[in-house]
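The values are calculated or read from the model by the stated rules, or taken from the named source; none is laboratory data. Keep in mind the model is a prediction, meaning the values are calculated, not measured. Cβ: placed from backbone, ideal geometry, glycine included. Neighbour counts: every protein chain shown. Surface accessibility is based on the protein's heavy atoms, side chains included, excluding ligands, DNA and RNA. Shrake-Rupley method; radii C 1.70, N 1.55, O 1.52, S 1.80 Å.
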Amino acid sequence: MHKIYKNCILILILIVISSLNVYAAQKTDINNLIENAKALDNKEVTVQGEAIGEMMNRGEYSWVIINDNTNAIGIWIKTSDAKQITNFGDYKHKGDTVRITGIFHRACEEHGGEADIHCEAIGISAKGNMIAEQISSAKLIVAAVLVPIAALLFFFYYRKVRKSTIEQ
């Protein structure tokens, strides 16, 4: 009897654990949203990507652009939630990696017919940082060779123009 009781508890635990996976939001690529826009229209989706550009404040709500390396999409989010994002990606910075769950609109009537996601939940997966720019040694060598050549060409050109001006 004791063995049956243990097996029932084990089965019950496995059922609970497997049901948790069913309710977890599955991440979708932004490109998948665009390609399957009709089927996913007005459905809850979860996307994850880098916050890029800057937060565009519109009062109580703001726009945030998310790029997941397949595509980018605008997120309509409460300004108070958007302030959780501290780093936005640009040429010198890696933006925060955010996970957004919200309702996808393939042609949002509220926002001029553009595709967007109206955020219901946000999570920061990773903080962004500054990108250290590194110039390769090959580029430095090429520059060191080409600058003196350009200077010599300029000198000879200037000399020729000056000489032709004097002769006239």
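Against the condition free of Cβ contacts under 8 Å to residues at least 24 places away in the same chain, open to solvent by 70 Å² or more (accessible area, probe 1.4 Å) and over 21 Å from residue 31 (Cβ atoms), how does residue 62 come out, does it pass?
Against the criterion (free of Cβ contacts under 8 Å to residues at least 24 places away in the same chain, open to solvent by 70 Å² or more (accessible area, probe 1.4 Å) and over 21 Å from residue 31 (Cβ atoms)), residue 62 does not qualify.
Would you be able to tell me the number of residues in segment 129-168 that are open to solvent by 70 Å² or more (accessible area, probe 1.4 Å), within 30 Å of residue 92 (Cα to Cα) and of a type outside the set (Val, Ile, Thr)?
First, the residues of segment 129-168 that are open to solvent by 70 Å² or more (accessible area, probe 1.4 Å): 129-135, 137, 139-142, 145-147, 149, 152-160, 162-163, 165-168.
Narrowing further to those that are within 30 Å of residue 92 (Cα to Cα): 129-135, 137, 139-142, 145-147.
With of a type outside the set (Val, Ile, Thr) added as a condition, the list becomes 129-130, 132-134, 137, 139-140, 146.
Residues flagged as open to solvent by 70 Å² or more (accessible area, probe 1.4 Å), within 30 Å of residue 92 (Cα to Cα) and of a type outside the set (Val, Ile, Thr) within segment 129-168 amount to 9.
Give the residue that is farthest from the chain's Cα centre (by Cα), with candidates limited to residues of segment 70-99 that are assigned to a strand (DSSP E or B) and among the aliphatic types (A, V, I, L, M).
Residue satisfying both the conditions and the ranking: 77.
Is it true that some residue in segment 112-128 is open to solvent by 80 Å² or more (accessible area, probe 1.4 Å), touching a His at 6+ places or on another chain (Cβ under 9 Å) and not aromatic (Phe, Trp, Tyr)?
Yes.
Somewhere in segment 135-152, is a residue at pLDDT below 95, closer than 30 Å to residue 46 by Cα and not in a helix (DSSP H, G or I)?
Within segment 135-152, none of the residues are at pLDDT below 95, closer than 30 Å to residue 46 by Cα and not in a helix (DSSP H, G or I).
Go through segment 37-59 and give me each residue that's closer than 21 Å to residue 113 by Cα, open to solvent by less than 50 Å² (accessible area, probe 1.4 Å), out of contact with any Ser or Thr (no Cβ under 9 Å at 6 or more places or on another chain) and not in a loop (DSSP other than H, G, I, E, B).
Passing the criteria: only 37.
Find all pairs meeting these conditions: Cβ atoms under 9 angstrom apart; at least six residues apart or on different chains; first residue within segment 100-128 and under 12 Å from residue 47 (Cβ atoms) and assigned to a loop (DSSP other than H, G, I, E, B); second residue open to solvent by 60 Å² or more (accessible area, probe 1.4 Å) and modelled with pLDDT of 95 or more.
Nothing qualifies.
Which of the following residues is within 30 Å of residue 132 (Cβ to Cβ), open to solvent by 80 Å² or more (accessible area, probe 1.4 Å), at pLDDT below 95 and hydroxyl-bearing (Ser, Thr, Tyr): 91, 23?
91
Which pairs turn up if I take residues in segment 82-97 that are more than 12 Å from residue 53 (Cβ to Cβ) and look for partners that are of a type in the set (Lys, Arg) with beta carbon separation below 6 Å, at least 6 apart in sequence or on another chain?
96/127
Failed condition for residue 165, given (1) of a type outside the set (Lys, Arg); (2) modelled with pLDDT under 85; (3) in a loop (DSSP other than H, G, I, E, B), with all others met?
(3)
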